[in-house]
Amino acid sequence: MPLVSMKPVLREAMEQGYAVAAFNLLDFGTTKAMIRAAEELNAPVIIQASTKTIKYFSHKEVYSWVATLAEDSPVPVVLHLDHCKDLEVIRKCLDTGWTSVMVDASELPFEENLALSRQVVEMAAKKGVHVEAEIGQIMGVEDDMVVAEDESHLTDPAEAERFCKELDLAAFAAAIGSAHGYYKGVPKIAFDLIKEINGRTKTPMALHGGTGLDEATIAQCIANGCAKINISTNLKHVFIESFLDYNKAKPNDFEPLRYIDAQYQACKALFKSKIAEFGGTNRAAELLAKAA
Ligand code: 13P
């Protein structure tokens, strides 16, 4: 089926109390593994790309992989641009048919962030697309941007309320104690803050920094209003390690397709385990029936 918009997918997830897995693609093989994993579990999936990845492959190339695979698939697939502050990249993605974009102006003071985010909301509306936007800076490294612990600050609920009211977002990204990359110590997630923000904004929250959070933490995040959970670092490790492990196990095998397949199977297993953990199994049909 054609690519779907993110807003109705996340609204439904929030209402039903589960989260949709959002994976950062690395190449065509990982993209295919995401869609096959979603099909095997009859689940919706969000396929997202970082600005760095788009600059490497091009927004058109990434769109063509995802749209082609989704077209032949019975599950709802969203194509989303992850953290982006480059309006030109956002514009190109929207013009090419991407069904969701994130503007990340979180390093700017609140009013400037709101103004820039509004500009993107207006650009996206012309294409029937809703936006993910952020306030409060999320810790860690994403797309070569480093936010140190002392630079990040938790999102202010009153600002979140105003931001979401003015922007009518598909997803709201907040700094709630999670971090991009592997956690150095035990993650300190502010569950009460997620709950307060969600209660005020009524907007599905995007949980950034999904790698390394245990099942109980994820379950609490979902119960308090996270309806989109991002996974990137975990995939990067499985992608590289599965390739190296195959070589270690079969050092004399120089058939690339067997390496690619080992990598594909390992990535697909990761995607299935995350989709299931976030509660996405068997949600596709329900979602499509409501959208019809
Ligand atoms: P991780 O790299 O921690 O999985 O976070 C991914 C993310 O939030 C992408 O925006």
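Say each of residue 16 and residue 89 gets a label point 7 Å from the Cα, pointing the same way as Cα to Cβ; how far apart are those two points in nm?
So the two model labels end up 3.2 nm from each other.
Quick one: if you stick a label point 7 Å off each Cα along the C-beta vector at residue 285 and residue 110, how many nm between them?
4.7 nm
From a point 7 Å beyond the Cα of residue 162 in the direction of its Cβ, which residues of the stretch 101-141 have a backbone N at a distance under 12 Å?
Backbone N within reach: 110-115.
Which value, in debye to the nearest 20, describes the size of the charge dipole of the stretch 17-68 about its Cα centre when Lys and Arg Cβ atoms bear +1, Asp and Glu Cβ atoms bear -1, and nothing else is charged?
Numbers: 5 positive and 4 negative charges, 42 e Å.
Roughly 200 debye for the stretch 17-68.
For 73, 58, 50, which order do you get if you count the other beta carbons within 10 Å of each Cβ and list the fewest first?
Details: 73 16, 58 13, 50 20.
Starting with the residue having the fewest Cβ neighbours, the order is 58, 73, 50.
Work out the length of the dipole vector of the chain about its Cα centre, built from +1 on the beta-carbon of each Lys and Arg and -1 on the beta-carbon of each Asp and Glu, and round it to the nearest 20 debye.
For this selection, approximately 680 debye.
Check cross-link reach from residue 126 to the lysines: straight Cα distance under 17 Å, and skip same-chain residues fewer than eight apart.
Partners found: 7, 92.
Around residue 4, which amide H atoms from residues at least 5 apart in sequence, or from another chain, sit under 5 Å from its own amide H, with H modelled in the peptide plane?
Amide H neighbours of residue 4: 77, 78, 79.
Build a GNM of the chain with springs between Cα atoms under 10 Å: which of 262, 174, 105 gets the top mean-square fluctuation?
262
Taking amide H atoms as placed 1.01 Å from N in the peptide plane, list the residues 5 or more away in sequence, or in a different chain, whose amide H sits under 5 Å from that of residue 101.
81, 132
Once amide H atoms are built 1.01 Å from N in the peptide plane, which residues 5 or more positions from residue 174, or in another chain, come under 5 Å H to H?
It is 206, 208, by chain and number.
Here, each number is a calculation from the coordinates, and none is a lab measurement. Everything quoted here is computed from the prediction, not taken from an experiment. Please note: Cβ atoms are built from the backbone with ideal geometry, for glycine as well, and neighbour counts cover all protein chains shown.
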